[in-house]
Amino acid sequence: NYLDLLADIKQVVLDKTGTLTAGVFEVQALNWVGPRPAEELLPYVNLLESHSSHPVASAIRNYVGAVDYSLKVADVTEVPGMGLAGTAEGKSLLVGNFRLLDKYAIPYAADASVYTVIAVAYAGVFQGYLTIADRIKEDAQDAVNELHALAVELTMLSGDKNSVVQDVAQQLQVDRAFGDLLPADKVNKLQELKREGLKVAFVGDGVNDAPVVALSDVGIAMGGLGSDATIETADVVIQDDKPSKIPMAIRIAKKTKQVVWQNISLAFAVKALVLILG
């Protein structure tokens, strides 16, 4: 069924982190405004992030060091598409994007960085942020070029900061890109694309992508970095996380369909010949 659908795909929607980019984040800079000193608070941030499987958590761990489990963070809650909330030393601790701070009505200085920014708020006060950058996968450009050669239109949907998403889209020459999206926003965008009447494939890896993977005509998951929920929901799994396997899957589907029609045609021809001879 999915080989048949893949052969007719005219629109591929891609997640950014872990799909077109390696999902290997590195902390580029620490911008701290206090009042709690960074060296006191960052171990709690590191402990809170250890509850998440997001690549950002690994970047913070690499930057801060090993998680100190002698510290205590309670009431850990993941806010989809925003970050993590918890309680450290009896006071609230928030680690995530600026939308998380907006949700909890915490004032902060506007950020002008083009990169991904992880903001930290403690006891209802903005403390500062870490600037994090990801790198584009080696074969991502080849994948985009091959998909364009197959007359497939590309759209990128990401929960990441819009300036980062547009920068990656420009580098890779993706047709359309939308950033700052929550999981529900991704679903809405995909529904808009489906209303255009085209067969749509969605490629993603995170647990936030599972609803969109389920909604698309063909759901494709990255099998290495991908979350179990997304892999379980997907119709196609790319085991080595290479985006260049997306056009390969479409070409395999087209070739399979061609062989099927050859077989059907040959079967009818042989039956007709036998009937005539009979």
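Points to keep in mind about this one:
- Where a residue in segment 188-214 is more than 13 Å from GLY159 (Cα to Cα) and its partner, wherever it lies, is at pLDDT below 80 and assigned to a loop (DSSP other than H, G, I, E, B), with Cβ under 9 Å and at least six apart: ALA210/SER227
- Any chance ALA133 is closer than 14 Å to LEU20 by Cα and modelled with pLDDT of 90 or more: no
- Among the candidates LEU3, LEU84, LEU71, the residue that is buried (at least 21 other Cβ atoms within 10 Å of the Cβ), in contact (Cβ under 8 Å) with a residue 24 or more places away in the chain and not polar (S, T, N, Q) is uniquely LEU84.
- Annotation: of all residues in segment 21-58 being in contact with a Ser or Thr (Cβ under 9 Å, 6 or more places away or on another chain), in contact (Cβ under 8 Å) with a residue 60 or more places away in the chain and of a type in the set (A, V, I, L, M), the one that is surrounded by the fewest Cβ atoms within 10 Å (Cβ to Cβ) is ALA29.
- Each residue in segment 15-40 was checked for being touching a Gly at 6+ places or on another chain (Cβ under 9 Å) and more than 25 Å from SER244 (Cβ to Cβ), and 6 pass.
- For segment 137-164, the candidate set comprises residues that are modelled with pLDDT under 90 and not in a loop (DSSP other than H, G, I, E, B); within that set, the residue that is farthest from MET222 (Cα to Cα) is SER163.
- Residues within segment 149-160 that are open to solvent by less than 50 Å² (accessible area, probe 1.4 Å) and more than 17 Å from ASP209 (Cβ to Cβ), tallied: 2
The values are calculated or read from the model by the stated rules, or taken from the named source; none is laboratory data. Small disclaimer: the values here were computed from a predicted structure and weren't measured. Cβ: placed from backbone, ideal geometry, glycine included. Neighbour counts: every protein chain shown. Surface accessibility is based on the protein's heavy atoms, side chains included, excluding ligands, DNA and RNA. Shrake-Rupley method; radii C 1.70, N 1.55, O 1.52, S 1.80 Å.
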